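See structure below.
The values are calculated or read from the model by the stated rules, or taken from the named source; none is laboratory data. Only a predicted model underlies this, so the values are computations on that prediction, with no experimental measurement involved. For neighbour counting, all protein chains shown are included, and Cβ atoms are generated from backbone atoms with ideal geometry for every residue, glycine included.
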Amino acid sequence: MMRILHCADLHLSAEEADYCLGVLDEIVAMAASNRCGWLLFAGDLFDTYPDLEKLKGEFRKRMAGLPQGCRALVIAGNHDRLRMGAKRLSAVDLEPAAFVADGPFELFADEALELVAIPFAPAHADYLEWNLPPRKAPLRIAVAHGSIAGMHYTGGDEEEEPGVMDPDLFVRHGIRLAALGHIHASRTEVIEGVTFSYPGSARVWRRGESGARRVNLIEAGESLSLSALTLASAGQYRRVELPLNLDGSLPPLGPLVEEWGKADWVEIAASGVIEDERVLAASEAELKRRQGARVRRLELTREGVLTLEGIATQPVAKRFLERWKAREPSGGEERTVWLKARELALLKVKELLEARQ
Ligand SMILES: [Mn+2]
C-alpha cells in the first residue's frame, strides 16, 4: 500500500506568514502520521514570486523535516510566477523538494509509481507530441495546475488565467488519477476512466472560500482510494448577514461569536436603510476593537446599506415606524421579511418626498 498526500493552492504569503506556515506545518504532520511516500503540492504554493523569495527558506526547512521515505514534489502554478520580473522560476531551488517550474512535463518514476508533473501553462496544445514513455509501473498519477475542460465547478475563479486542459491529455498518456490545483473549491469527477480531483485551496485565500479547507489522502494498493482530510489550522470563511438598526448601529451578534475560531475570516455583511453613516463607522470600530483579535480577519462589508439622512423624523415615516415596530416577529424568515419591509417602505417615503419638492 502506497500513500500520497495531495494538497494545492496554499498561497504562502509573507504578509500572513504565521498563519500560512502553521497550515504548512499541519500538512507536514499529516504526511508523517499517514506514513506517506509522497507529499504533492499541485501549484500556487506561493502567493506571488516575491512571497516565494521571502518564504522559500522556511519551506525548505520544513521539507528537510519530512520523515525518511517521504519525498516532496512541487509544481509551479500561475501565482508562483506573479511579479517575477526578469527572474527565472526554473532557477529557484526548493531542495530537498523537487520543483518543476517549466514544462510541459517531467516524469518521476520507480517500480511502484510514476508521477507526471505538469506545471501551469496557458495551453497544452502540443500534448499529442509529448514524448512521454509508455507506463511501466502499475500506476501513473499526474500532478497538474489548471482547469479541466468539461468539469463543473462551483465558486468563481473568474479573474484567474484559466489554463484549460483537455481530459484527453490524461487519457492519452495512461494517467489514472490527476492530482490537481487551481480551482479553490474541492471537486472530484471521473471522465473517461480518469479521476480528476481538486482538494481545494489548503487555506482561506479570499472572500467566499467557505467550508473546511482540505487535502486529499490517496491510497494506492489493489485499488485506488481518495479521502479528504480537514486542515484545522486553516480555519474557515464565515459570512454573517446583519440587518442594521435604523440609526446605523449594529444589533448584538449574540452567541454566533462563540463559533468563531482564531484562524477564521469573518465577513459581516451589513444591510438596511440607516440614518447616519457615522454611527455605523463608530459601531464598526467598536466591533473590531472588541472582536477583531479573536479571529484572523474581521471585516464589515456594506453593499446592502443605504443611508437616508433624517428619514425617521418625517411624519409619514415616523407613523410607519411606530406601526412597524409593534409587529415585530420573534425570529426566522418572518423577521427577515419584516426587516425588508422597513427598507422598502422608507425608500418609498424618500421617493414621495423627493417628488413633492
Ligand atoms: Mn490558486
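Could we say that Val92 is within 16 Å of the ligand (Cβ to nearest atom), under 30 Å from Glu58 (Cβ atoms), assigned by TED's automatic domain parsing to the domain that holds Glu222 and of a type in the set (Val, Ile, Thr) here? Taking the combined requirement at face value, the residue does not satisfy it. Note on segment 2-13: residues that are within 17 Å of the chain's Cα centre (by Cα) and more than 16 Å from the ligand (Cβ to nearest atom) total 0. Among all positions in segment 102-119, there is at least one residue which is crowded, with 20+ Cβ neighbours inside 10 Å and within 16 Å of the ligand (Cβ to nearest atom).
Would you confirm, using the coordinates I've provided, whether Gly181 is within 13 Å of the ligand (Cβ to nearest atom), touching a His at 6+ places or on another chain (Cβ under 6 Å) and small (Gly, Ala, Ser)?
Details: within 13 Å of the ligand (Cβ to nearest atom): yes; touching a His at 6+ places or on another chain (Cβ under 6 Å): yes; small (Gly, Ala, Ser): yes.
So Gly181 passes the test.
Is there a residue in segment 83-99 that is touching a strand residue (DSSP E or B) at 6+ places or on another chain (Cβ under 6 Å) and not in a loop (DSSP other than H, G, I, E, B)? Yes, segment 83-99 has at least one match.
For (1) more than 20 Å from Val279 (Cα to Cα); (2) assigned by TED's automatic domain parsing to the domain that holds Val257; (3) not in a strand (DSSP E or B), each residue gets a yes or a no:
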{"position": "Glu299", "(1), (2), (3)": "no, yes, no"}
{"position": "Arg302", "(1), (2), (3)": "no, yes, no"}
{"position": "Val305", "(1), (2), (3)": "no, yes, no"}
{"position": "Ala312", "(1), (2), (3)": "no, yes, yes"}
{"position": "Val316", "(1), (2), (3)": "yes, yes, yes"}
{"position": "Lys325", "(1), (2), (3)": "yes, yes, yes"}
{"position": "Pro329", "(1), (2), (3)": "yes, yes, yes"}
{"position": "Trp338", "(1), (2), (3)": "yes, yes, yes"}
{"position": "Glu343", "(1), (2), (3)": "no, yes, yes"}
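Checked against the criterion of being under 27 Å from Gly211 (Cα atoms), modelled with pLDDT of 85 or more and in contact with an Asp or Glu (Cβ under 6 Å, 6 or more places away or on another chain), the candidates Glu258, Glu267 yield just one match: Glu267.
Annotation note: of Ala72, Ala64, the sole residue that is small (Gly, Ala, Ser), under 18 Å from Glu26 (Cα atoms), away from the ligand (no atom under 14 Å from the Cβ) and surrounded by 17 or more Cβ atoms within 10 Å (Cβ to Cβ) is Ala72. Within segment 23-54, the set of residues being within 16 Å of the ligand (Cβ to nearest atom), within 23 Å of Arg214 (Cβ to Cβ) and of a type outside the set (Gly, Ala, Ser) comprises Val23, Leu24, Ile27, Leu40, Phe41, Asp44, Leu45, Phe46, Asp47, Asp51.
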